[in-house]
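The values are calculated or read from the model by the stated rules, or taken from the named source; none is laboratory data. Everything quoted here is computed from the prediction, not taken from an experiment. In this analysis, Cβ positions are derived from the backbone assuming ideal geometry, glycine residues included, and neighbour counts consider all displayed protein chains.
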């Protein structure tokens, strides 16, 4: 009977299976076709971007913009189909029942849906081609670019040109930069010198250069003085002809020869001949091309007569390119202070009213308007120029302040700001444009850590492989280039000179947001009701703390990257986003590549997370019980996993399947379920922080030795019996740059690592635990920049052993790192050390600083040294010391500093003295 039933079922299903087989053959062919189509569309969009970069926005018609947007959405739809298809392939490959009849039936519906979508998008593309002849459209763009260049030349208002005619009395905030530039111009060596002014668009480079160029000191010092405007596109022959023409104009007579028919070599010779005996200064304004100096250098003869070349540029790399052949001085302009900004604003707005001062009733509004400009002179002057013609009353100004963003777009003068900033974007190589636009994802004034944005760029596919470099190293180069181009600002630097945090200027961000909207790059959802971009977009960024309309927006968006920013613990969005917080993965997110949910509590991550097979970057927060679903092992493409706000993060053994994972980060990672599997994750570069207080720790440590790509390793609760095995594993990590090894606390025994092959690239080392002696391999680390020792209980004076670390910048000795009676810094030692921390040492009685030691020290912090009775002997030798912290010390020492020994630290700008029961000594300085 059972056999009869099976036979009947099979007979009924066979036609369906034959139809399924036919459908599969059709899908495979159509899939290959649309992949080829996608490559063609992407090539077109890249070329269209280049063409459009040379065109004025107003000269590209709305019809063309809409058409390009449709092409871009076609590409998005194809990408969706491709990724959806890959999900089906992945599920079939990973399902052990894939040969079973039931599985074939289960997959028929998704395949039919994909086949239907492929036909729809092919039809959509045919319609686009018929309407606009997609692959011949470049000619139209070229024509528009040509006409736009002509219209650009006829514009009646250009803020950059206006900077040439500004009165010196209106210049604010340039007193010190102006003096420095003039000194560089009229003093110094006889050899030809390049002097450069670097800053973002609108920061006043041209204005400053003009005041220096026309100063009486410069005018009286040079025989020949010429100003040349270079800009983005220049012809070197025309530039040389312009230079020769201006040479003769400066002298008030016509050139003896016709230069119009001369070639580059002849023109170069003419320039050299003219400048041969002269002390000249030539100002090249607005240089963009890093090869400019190669083009011009040989024409500017070095006659050893104190000649100067003054360059203004947005790109620091332009200046770097000059270093090969000339002396060079670099002035990087900084934003105006709040006081300087308000002064400049007043000069522009109240030039002929109110005695040049802002009326009291308008002062608060003026200050708010000026703050929006973030110290950018061009913005202040442009906005001030507009307000100078308006009524000076509170109602008008309040309305202007409320609509400032709108005014920036509609007013002719203010539009110039946007155009100037857009030039910097247009000048970017294609691979950097998406990287810059990414900064529009973050909230206003958000300071981004480089590693965060770099890993997200990699996940998005923006970073291309370069031989001999990791993707992270390539991406770091991208970020540095954006900084050099004055598009990204460095908020803070690490002591090693690397970027610690960065951001974009508010006006740059406004430009980015407009580009994001035009390109459907990112959609913003916020509580203020404002939402940018419509239609299909690739990234969704939300700061919303309450939501009633999120779902329709998400469903239309087809997001690939989701970012949630909120500093409220009760952050919840309804429906799909709320579902994600509760552990469910909405179908709208099945194609996600980036999920940054750091600021939102995730109570649990369900098995559905395994369906996000395209996910490459996952950053989440506060997982209940610190456990993540075993389905995490299905995320075969995951590259970065960060879990914050969770005391202990328990990794399931399935995570060892993630062979592409490069960065695994949490405050406390438990590998108790993983053990031997960690060694299979050979792509790991970052692993922080693994808790080794577990059974089988030795097995885990041995496996770590297989991770030969490791750059950053953090281990906590290391026990003495595992140190030998750990030493062997670390010996295998020759790319290691940062190492943090911590014992379980003061009571644990030694962590004396014996590295026979210490990683030469190690620049940061933290050892928290007992040491029988200072490891011999530490003084051999010639690239070491940061050394932190804690709970070491070393009895000998460490300074003799560490003196050989010539590149050390930070030294931290805390919680009885040394038990010796004194620290002696000998003459010639620690020449580059900038920060020294000596804290919580029960036995230390003397700190001796010889003259010639610690010559670069800027910060000295002494904390809880109960037996230290005297201020460090020789502290008067530390002439570069800027900050001295003395906290919770012996009362006798505090008293001596505040009375008889105060003169010893009198040269230190900031002296901060705290003691138990007293905030600080009255005559100390903070």
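Looking only at residues of region 171-201 that are outside any loop (DSSP other than H, G, I, E, B) and out of contact with any strand residue (DSSP E or B) (no Cβ under 7 Å at 6 or more places or on another chain), we find that the one that is surrounded by the fewest Cβ atoms within 10 Å (Cβ to Cβ) is 176. You will find that of 271, 281, the residue that is in a helix (DSSP H, G or I), at pLDDT 90 or above and crowded, with 19+ Cβ neighbours inside 10 Å is 271 and no other.
Kindly list the number of the only condition in (1) more than 21 Å from residue 510 (Cα to Cα); (2) assigned to a helix (DSSP H, G or I); (3) modelled with pLDDT under 85 that fails for residue 492. Here residue 492 clears every test but (2).
Each row is one residue, and each column tells you yes or no for (1) modelled with pLDDT of 90 or more; (2) more than 31 Å from the chain's Cα centre (by Cα); (3) within 25 Å of residue 494 (Cβ to Cβ); (4) surrounded by fewer than 17 Cβ atoms within 10 Å (Cβ to Cβ).
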position: 836; (1), (2), (3), (4): yes, no, yes, no
position: 842; (1), (2), (3), (4): no, yes, no, yes
position: 849; (1), (2), (3), (4): yes, yes, no, no
position: 853; (1), (2), (3), (4): yes, yes, yes, no
position: 862; (1), (2), (3), (4): yes, yes, yes, no
position: 869; (1), (2), (3), (4): no, yes, no, yes
position: 880; (1), (2), (3), (4): yes, no, yes, yes
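Every test in (1) in contact with a strand residue (DSSP E or B) (Cβ under 8 Å, 6 or more places away or on another chain); (2) outside the structural domain of residue 849 (by TED's automatic domain parsing) is passed by residue 799 save one, and that test is (2). In this structure, residue 791 does satisfy being surrounded by 15 or more Cβ atoms within 10 Å (Cβ to Cβ) and at positive phi. Applying the criterion of being under 9 Å from the mean Cα position of the chain (by Cα) and crowded, with 17+ Cβ neighbours inside 10 Å to the residues of region 484-503, the residue that is farthest from residue 427 (Cα to Cα) is 499. Return yes or no: is residue 723 over 24 Å from residue 659 (Cα atoms) and in contact (Cβ under 8 Å) with a residue 40 or more places away in the chain? Judged against the criteria, residue 723 is not a match.
Between 792, 804, the distinction of being part of a loop (DSSP other than H, G, I, E, B) and in contact with a helix residue (DSSP H, G or I) (Cβ under 7 Å, 6 or more places away or on another chain) belongs to 804 only. Pairs are defined by a Cβ separation below 8 Å, a sequence spacing of at least 6 or placement on different chains, a first member in region 183-197 that is outside the structural domain of residue 300 (by TED's automatic domain parsing), and a second member that is assigned to a strand (DSSP E or B) and surrounded by 22 or more Cβ atoms within 10 Å (Cβ to Cβ); no pair meets this definition.
Scanning region 663-676 for residues that are surrounded by fewer than 21 Cβ atoms within 10 Å (Cβ to Cβ) and either under 27 Å from residue 456 (Cβ atoms) or modelled with pLDDT of 90 or more (or both) yields 665, 667, 668, 670.
Those residues that are assigned to a loop (DSSP other than H, G, I, E, B), free of Cβ contacts under 8 Å to residues at least 24 places away in the same chain and within 20 Å of residue 733 (Cβ to Cβ), I need them from region 652-686; list them, please.
Once the filter is applied, which keeps residues that are assigned to a loop (DSSP other than H, G, I, E, B), free of Cβ contacts under 8 Å to residues at least 24 places away in the same chain and within 20 Å of residue 733 (Cβ to Cβ), region 652-686 yields only 661.
Look at (1) surrounded by 22 or more Cβ atoms within 10 Å (Cβ to Cβ); (2) modelled with pLDDT of 95 or more; (3) in the same structural domain as residue 854 (by TED's automatic domain parsing) and you find that residue 818 fails only one, number (2).
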